[in-house]
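Values in this text are rule-based calculations from the coordinates and carry no lab data. Everything numeric here is computed off the predicted structure, so don't read it as measured data. When we count neighbours, we look across all protein chains shown, and the Cβ atoms used for this are built from the backbone with ideal geometry, even at glycine.
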Amino acid sequence: MFKLICITNRKMCGDFLDRAGELYRSGIDVILREKDLRETDYEILAKRVTDVCPDVILHTYTDAARRLGVKKIHLPFAMMKPNMNFEMVGVSVHSAEEAKAAEEMGADYVMAGHIFATDCKKGLAPRGIGFLREIVHSVSIPVYAVGGITPANIEQVKGTGAKGACIMSGFMRCISVSGYIKKFNGIN
């Protein structure tokens with residue numbers, strides 16, 4: 001089954017906690033990214049998010065995740081180490097070599113990107129569908145695409161064998177999470 005995942009950016013939506021709860025109730029996995037926060041502020045926000053989204057995946061701050069009892073973490077490749085002691089560890093990768101290394105160190109999944117042009121990576125050329133396909137074929141763990149994923153290009157992503165796609169802007173800015181999910185499923 002193809003999975004949609006939300007990467008958060010609290011500055012893109014009105015009531016962030018309401019949105020996190022709506023995503024969770026809709027069956028969308030949530031990665032609490034919020035890269036602009038220091039660890040103490042991130043931990044305060046993460047605690048509030050776990051109240052509305054108990055299965056949240058925290059990002060980068062492993063100590064905060066442990067203090068909060070969160071068992072899922074997503075990391076930049078440079079932070080990945082063997083034996084991370086989480087139930088689930090995801091890693092952002094930018095090459096097949098990084099994907100293979102992440103898998104060897106015990107990653108449960110990798111997020112590969114950025115696939116299409118996106119405002120989050122303004123001025124940086126996207127890596128494209130060929131890159132995503134290369135990552136998918138280089139590892140045996142699930143690969144999720146990230147970067148510029150929309151209902152208009154989701155079929156290209158699915159065609160690579162990726163297990164899902166990670167979306168920030170669409171989920172953070174949409175009026176209705178369920179309505180946005182329907183667009184990805186081809187339902188208007």
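What the table shows:
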read-out: The chain: relative contact order as a whole-number percent, Cα under 8 Å and 6+ apart; value: 20
read-out: Contour excess over end-to-end distance, with Cα ends at SER140 and ALA96 and 0.36 nm allotted per residue; value: 14.6 nm
read-out: Contour excess over end-to-end distance, with Cα ends at LYS182 and LYS121 and 0.36 nm allotted per residue; value: 19.3 nm
read-out: Sum of -39500 (n - 2.57) over DSSP H runs of 4+, divided by residues of the chain (222 nm, nearest 500); value: -10000 deg cm²/dmol
read-out: Computed label-point distance, nm, for sites GLU155 and MET88 using a 7 Å Cα→Cβ extension; value: 2.9
